[in-house]
1. Tell me, what is the 1.4 Å probe accessible area of M7, in Å² to the nearest 10?
2. Please work out how much length the chain gains when fully extended from Q136 to R107, using 0.36 nm per residue of separation minus the C-alpha to C-alpha distance, in nm with one decimal.
3. Net charge within 11 Å of L111 by Cβ-Cβ distance, Lys/Arg positive one each and Asp/Glu negative one each, not counting L111 itself?
4. Averaging the inverse of every distinct alpha carbon separation and then flipping it gives the Kirkwood radius. What is it for the range 71-147, in angstrom units?
5. Under the 0.36 nm per residue contour assumption, what length would be gained going from the current alpha-carbon distance of V98 and E144 to full extension?
6. Which option, (1) 31, 19, 15; (2) 25, 18, 14; (3) 24, 22, 16, is the value of semi-axes √(5λ) of the Cα gyration tensor in Å that was calculated from these coordinates?
7. Determine, for each peptide in 133-144, 43-54, the mean count of other beta carbons within 10 angstrom over its residues, then list the peptides with the highest first.
8. How many lysine pairs are close in the range 67-130, with Cα atoms under 25 Å apart and the two 8 or more places apart or on different chains?
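The values are calculated or read from the model by the stated rules, or taken from the named source; none is laboratory data. Predicted model, so just to flag it, every value in this text is computed and none were measured. Using ideal geometry, Cβ is built from the backbone for each residue, glycine included, and neighbour counts are taken over all protein chains shown. Note: accessible area is taken over every heavy atom of the protein model, side chains too, but ligands, DNA and RNA are not part of it. Shrake-Rupley method; radii C 1.70, N 1.55, O 1.52, S 1.80 Å.
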Amino acid sequence: IELRSQMTLASLQAGLAFSNASLGAVHAMAHSLGGLLDLPHGECNALLLNHVVDFNYPEAIERYGKIGEAMGLAPHSMTGQNAKKAILNKIHDLKVEVGITKTLGQRGATLADIPILAQKALKDPCMVTNPRLPSQRDIEVIYEEAL
């Protein structure tokens, strides 16, 4: 009973943290993707992460700079495009390190799935906190790049 109590408390605390975080497009897109393909939510997030960072980067350069620093990079000493590229490369390397090496297409998504995935992602509450307001076509392009 004590261990179950602690797990329940941990679950509650995670939910409270999610409610106060700005999850954005990665999570919104991962929700619809995971629902379609019956994939783990964390894997869906990882499959999309670098593509969404690439899209959002112009609107959140400082935030991504802090993330780059936390990953051991020195993005503030680089030019804008080099900093973005270094951060995206580091995300790619982390994905490979944990075994996330497949594309959306290799996990079962098709070009025909993209319009409905994008429609659902745009309606997801997590999208409200994305640093850059995407259009339907923006979301479709991100999914297409992840194929």
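1. Only protein atoms counted, so the area is about 130 Å².
2. On the way: separation 29, 0.36 × 29 = 10.44 nm, distance 2.24 nm.
Residue separation times 0.36 nm, minus the Cα-Cα distance, leaves 8.2 nm.
3. Numbers: positive: none; negative: D113, E140, E144.
Overall, the nearby charge balance is -3.
4. Working: mean 1/r = 0.0686 Å⁻¹.
In the range 71-147 this quantity evaluates to 14.6 Å.
5. Working: separation 46, 0.36 × 46 = 16.56 nm, distance 2.30 nm.
Residue separation times 0.36 nm, minus the Cα-Cα distance, leaves 14.3 nm.
6. Here semi-axes √(5λ) of the Cα gyration tensor in Å agrees with entry (3).
7. Numbers: 133-144: 16.6, 43-54: 21.1.
Result, highest mean Cβ count within 10 Å first: 43-54, 133-144.
8. Numbers: K84/K95; K84/K102; K85/K95; K85/K102; K90/K102; K102/K120.
Step by step, the pairs that qualify in the range 67-130 add up to 6.
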